[in-house]
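Single-structure report; data block below.
The values are calculated or read from the model by the stated rules, or taken from the named source; none is laboratory data. Keep in mind that what you see is a predicted model, and the values were worked out from it rather than measured. In this analysis, Cβ positions are derived from the backbone assuming ideal geometry, glycine residues included, and neighbour counts consider all displayed protein chains. The accessibility values were calculated without ligands, DNA or RNA, using every heavy atom of the protein model including side chains. Shrake-Rupley method; radii C 1.70, N 1.55, O 1.52, S 1.80 Å.
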Amino acid sequence: MSTPDPRLHAFRPDLAASALRGQVAADRYADGTPASVAVGHAALRRAPTDAAPMDTEILFGQRVTVYETRDGWAWVQCALDSYVGYVRAEVLAAEADAGASGYRVAVPRTWVYPAPDIKTPPVLALPMNARLAVEESEGRFAAFDRGFVVADHLRPIAEPEPDFVAVAERFPGAPYLWGGKTWSGIDCSGLVQVALEAAGHAAPRDTDLQQAALGEAVPDSDLQRGDLVFWRGHVGVMLDAETLLHANAHHMQVAREPLVAARARIARAGAEVLSVRRLDRPVQN
């Protein structure tokens, strides 16, 4: 039996998820407890220290299962994509009610105000795909338990975006950040995951997982809008037959460029295109 992927399965020598009993050896097993993220976005780290790499981020209202809390850190698994890691325990709420909120942030970034007035100092910033439970409307604002958000910046989760590429096109200029998933900082696979989530299409977090799970392989001689181009450790989205959009460490931001230019530059660094994947869901121009 192959060993489960530690990125996607909660197991350590001393502790594992109860669902993995019989698949991995551990000193003890736990069912875990539900929680949700109570800050705009939080780093999910590889180890319980701020010096550890940030593998991804979890966003306001998104659910996690907490398997252990110790020394200010929680060892969790994300409901969105099953990713496992460590997050500061203080960023979690004990109840996971926001996961069933029904609304998501549909713009790259929005403010939460303490009153239905844009002149009041914001108390929180929420990134795209943050989830919240709207309680009522007041003028142009939607109210929830943390304050007021401009209602036009929200969409029902049940109403996904029609074109994930159009979502990704809202991010050019956003700074590159390894593990990032927000306008404040985003990486290549984070951009793909965020855009697909907004369009109601589940996607894994890392490039190798995305390449294995998303769409079908197509030849690179007939590229079209929405095709995903994969290199080892990198992915970009085709805006049309010639133009690639990707968060990349060369520009250190989300940038548009001709695929031929990106391909040549990345090849000089020793990496060739591994595959092109086309999603079964059509996109709209």
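Dividing the summed -39500 (n - 2.57) terms of all DSSP H runs of n ≥ 4 by the residue count of the chain sets its mean residue ellipticity at 222 nm at -3000 deg cm²/dmol. Between the stretch 238-275 and the stretch 30-100, the alpha-carbon centres lie 32 Å apart.
Using a 1.4 Å probe and ignoring any ligands, DNA or RNA, find the accessible area of Trp111 and quote it in Å² to the nearest 10. Approximately 110 Å² for this residue. Counting only DSSP beta bridges with both residues in the chain, the antiparallel share comes to about 95 percent.
Accessible surface calculations at 1.4 Å, restricted to protein heavy atoms, place the stretch 145-285 at 45 Å² per residue.
Considering only beta bridges that DSSP places wholly inside the stretch 56-194, some 95 percent are antiparallel. Here the peptides 52-64, 268-280 are ranked by packing, the mean other Cβ count within 10 Å, and the order with the highest first is 52-64, 268-280. Distant-in-sequence amide contacts of Gly32, defined by a placed amide H-H separation under 5 Å and a gap of 5 or more residues or a different chain, comprise nothing. Within the accessible surface of the stretch 92-175, defined with a 1.4 Å probe on protein heavy atoms only, the carbon and sulfur portion equals 51 percent. Distant-in-sequence amide contacts of Leu44, defined by a placed amide H-H separation under 5 Å and a gap of 5 or more residues or a different chain, comprise Asp55, Thr56, Glu57, Ile58. Among the listed options [x] 13; [y] 19; [z] 25, the one matching percent of Cα pairs over 36 Å apart as calculated from these coordinates is [y]. Using θ = phi - 60° in the Karplus curve 6.51 cos²θ - 1.76 cosθ + 1.60, the 3J(HN,Hα) couplings for the stretch 261-270 round to 5, 5, 5, 5, 5, 5, 5, 5, 8, x Hz; x is entered for Gly and Pro. Per-residue Karplus couplings for the stretch 19-33, computed as 6.51 cos²θ - 1.76 cosθ + 1.60 with θ equal to phi - 60°, are listed in order as 5, 9, 4, x, 9, 9, 8, 8, 5, 8, 10, 9, 6, x, 10 Hz, Gly and Pro entered as x. Placing Glu257, Glu136 in order of accessible area, with the largest value first and a 1.4 Å probe, yields Glu136, Glu257. With a Förster radius of 30 Å applied to the C-beta separation of Val107 and Arg21, the computed FRET efficiency comes to 0.10. Protection proxy ranking for 170-179, 210-219, 82-91, using the average of other Cβ atoms within 10 Å per residue and placing the highest first: 82-91, 170-179, 210-219.
Whole-percent P(r), the stretch 1-123, all Cα pairs, 5 Å bins from 0: 2, 11, 19, 21, 17, 13, 7, 5, 3, 2, 1, 0. Rounded to the nearest Hz, the phi-derived 3J(HN,Hα) couplings of the stretch 53-67 under the Karplus curve 6.51 cos²θ - 1.76 cosθ + 1.60 (θ = phi - 60°) are x, 8, 7, 6, 10, 10, 10, 3, x, 6, 8, 9, 10, 9, 9, where x marks glycine and proline. Computed on protein heavy atoms with a 1.4 Å probe, the accessible areas place His41, His201, His250 in the order His250, His41, His201, largest first. Around the amide H of Phe144, modelled in the peptide plane, lie the amide H atoms of Glu135, Val149, all under 5 Å away and 5 or more residues distant in sequence or on another chain. When His251, His234, His246 are compared by accessible surface with a 1.4 Å probe, the order from highest to lowest is His251, His234, His246.
Averaged over residues, the count of other Cβ atoms within 10 Å places the peptides 149-155, 13-19 in the sequence 149-155, 13-19, highest first.
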